[in-house]
Amino acid sequence: MESMLEQIEQADGLAAAAALTATAAAAANAAATAQMRHARSFHDVEEVLLRAASANDAKPKAAAAAAAAAAARPPRGGELLGGLLTAVQEDEDDEAQMVIVCEPEGSSLMMGGLHPRGSLFERPVNIESAKAHHAHFRQVLREHGVRVLTVREILAHGVDEHMGARLALERLAAATLTYTMAGGHSVQEVAESDRAYLTDAYKREVIEHMSVTQLIDIILINPTVHLTPSGRDTGFTAAYTFEPLSNLVYTRDQQITTCRGIVMGRLRSQQRQREVELMRFCFNKLGLPIVGAIEAPGFLEGGDFFPLGRDLALLGVGLRSNEAAAAQLMERDLLGARRLAVVRDEFDRHQDRMHLDCVFSPLGSGCCLMLDDIIGGDSPKRRTVDVYARSGATGAYALERTGVEFSHFITSDLGWSIIPVPAAHQLAYACNTLNLGGSRIISAHPSSARAIVGHPRFRGDVRVIDFSSITSMYGSVHCASQVVLRAPRRLANGGGAGR
């Protein structure tokens with residue numbers, strides 16, 4: 001086993017080097033070792049689960065033994081990881097243990113890059129540079145002890161070994177591949193002997209012969225084949241249209257992870273709706289419990305949500321998420337927090353500040369980043385806070401306070417210090433940091449990193465990375481990560497109630 005793990009780690013290192021150097025030969029080596037990369041990532045996750053089971057059970061040795069036995073048995077059904085996974089995020093400053101990301105995908109990103117603004121991008125994108133920056137991001141996460149899974153790894157895991165996983169992936173691919181007659185043509189024009197090539201049965205036959213890579217590519221580009229009867233050769237000519245998931249690199253938005261678990265969101269942009277169902281497929285495959293989902297008229301995007309302990313969660317509403325989603329989270333008991341602070345963007349509502357994580361970032365150590373343009377009751381871009389608290393008698397949430405200016409709420413209610421971020425720095429994603437727990441911060445903005453570590457209350461560390469090719473698509477490190485498992489500090493400290 002040790003020898004095998006050493007080989008896997010070596011293969012993973014080669015793959016990371018390939019992505020960073022972006023040479024053709026290294027890329028070929030990375031492709032050849034893809035299966036081993038998947039194995040290492042999933043092995044890492046199983047180690048996390050064993051520790052989590054030990055921490056949460058009154059008899060840790062027995063829990064660890066049971067978890068180990070379950071992990072060792074062959075997977076059955078959808079339990080590719082022994083059914084042990086859990087998802088919980090109580091506090092943004094708790095230790096991050098498992099993160100799901102989506103590396104920039106060649107075909108879907110290439111298509112999105114053909115017209116950046118039409119793909120919700122901020123600037124033109126260099127695909128190779130984006131891949132290298134994202135590979136380094138994943139490397140830094142792993143250096144901090146975080147277990148990282150990519151969407152492609154999850155989709156591919158176990159498919160070559162388990163027919164159930166293969167069939168599930170084929171069904172997902174079939175649902176995203178469409179055969180249709182080209183405009184102005186009908187099935188009646190097709191020879192009777194050729195009509196079978198328009199059917200779902202033929203599509204299934206085509207898909208059954210595809211490699212895992214082909215299947216995943218189909219899922220990520222959502223192709224439609226427009227068929228025109230030719231009357232010669234093979235009977236058809238084909239034209240193609242695609243609806244690529246060009247924004248899937250931002251795995252923050254499709255869902256939130258609360259004290260209760262994963263809640264599937266509902267995205268404002270029509271072209272991103274398919275991302276939610278793809279992420280749902282990934283969570284189901286991992287065995288991660290989905291505790292709820294936002295329904296119309298609600299809209300919920302993960303960049304608007306921050307868990308700050310079992311006492312408080314923040315939800316931004318405005319350009320993307322809305323009050324209907326906030327109401328559903330409370331009514332359906334999906335938060336697991338005593339209070340919900342709804343941070344209202346009523347006066348600004350600008351694409352450059354679309355989510356709460358564009359203008360605010362909790363850093364632990366009793367401090368946070370905040371765009372200076374939204375600070376103060378006189379600011380034309382100010383945010384206001386409505387606080388809802390759970391009633392001890394009924395368990396229902398009720399409005400406790402309304403119209404509190406956001407920076408005042410942060411300093412008076414939480415007692416935090418605010419590190420102001422100039423507007424020019426906010427546009428360079430200074431506020432969009434990722435806290436790995438214990439004030440271990442990843443930032444893509446050097447100047448704001450200096451301001452953070454120079455603040456007298458900050459007691460952590462900041463790692464600065466070049467993420468410029470990813471930020472060109474309108475998001476940074478917080479946007480590009482979904483933390484599905486954090487170790488609750490209250491358990492690590494032997495406590496019970498939240499802070």
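The values are calculated or read from the model by the stated rules, or taken from the named source; none is laboratory data. If you're wondering where the values come from, they're calculated on a predicted model, not measured in any experiment. Virtual Cβ from ideal backbone geometry, glycine too; neighbours counted across all protein chains shown.
Observations on the model:
Table: residues versus (1) polar (S, T, N, Q); (2) within 27 Å of residue 429 (Cβ to Cβ); (3) free of Cβ contacts under 8 Å to residues at least 40 places away in the same chain.
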{"site": "329", "(1), (2), (3)": "no, yes, no"}
{"site": "334", "(1), (2), (3)": "no, no, no"}
{"site": "342", "(1), (2), (3)": "no, yes, no"}
{"site": "348", "(1), (2), (3)": "no, yes, yes"}
{"site": "362", "(1), (2), (3)": "no, yes, no"}
{"site": "365", "(1), (2), (3)": "yes, yes, no"}
{"site": "370", "(1), (2), (3)": "no, yes, no"}
{"site": "378", "(1), (2), (3)": "no, yes, yes"}
{"site": "384", "(1), (2), (3)": "yes, yes, no"}
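- Selected residue [farther than 17 Å from residue 100 by Cβ and in contact (Cβ under 8 Å) with a residue 40 or more places away in the chain] from 196, 175, 132, 201: 132
- For the stretch 130-160, the set of residues classified as surrounded by fewer than 20 Cβ atoms within 10 Å (Cβ to Cβ) and among the polar types (S, T, N, Q) consists of 139 only.
- From the list 439, 412, 448, 417, the one residue that fits, being out of contact with any His (no Cβ under 6 Å at 6 or more places or on another chain), closer than 25 Å to residue 250 by Cα and not basic (Lys, Arg), is 439.
- Count of the stretch 321-347 residues which are of a type in the set (Lys, Arg) and outside any loop (DSSP other than H, G, I, E, B): 2
- Residue check for residue 403: touching a strand residue (DSSP E or B) at 6+ places or on another chain (Cβ under 8 Å) and without any contact (Cβ under 8 Å) to a residue 40 or more places away in the chain: yes
- Checked against (1) surrounded by fewer than 16 Cβ atoms within 10 Å (Cβ to Cβ); (2) of a type outside the set (Val, Ile, Thr); (3) more than 27 Å from the chain's Cα centre (by Cα); (4) not in a loop (DSSP other than H, G, I, E, B), residue 352 meets all criteria but (3).
- Looking across the stretch 234-291, the residues that are in contact with a helix residue (DSSP H, G or I) (Cβ under 8 Å, 6 or more places away or on another chain) and of a type in the set (Lys, Arg) come down to 252, 266, 274, 285.
- Residue that is modelled with the lowest pLDDT, among those in the stretch 73-130 that are hydroxyl-bearing (Ser, Thr, Tyr) and out of contact with any Phe, Trp or Tyr (no Cβ under 9 Å at 6 or more places or on another chain): 119
- Sole residue being out of contact with any strand residue (DSSP E or B) (no Cβ under 7 Å at 6 or more places or on another chain) and at pLDDT 95 or above, chosen from 427, 371, 356, 436: 427
- Search result, residues across the stretch 302-337 that are acidic (Asp, Glu) and either buried (at least 21 other Cβ atoms within 10 Å of the Cβ) or more than 26 Å from residue 437 (Cβ to Cβ) (or both): 304, 323, 331
- Verdict on residue 486 being in a loop (DSSP other than H, G, I, E, B), charged (D, E, K, R) and at pLDDT 95 or above: no
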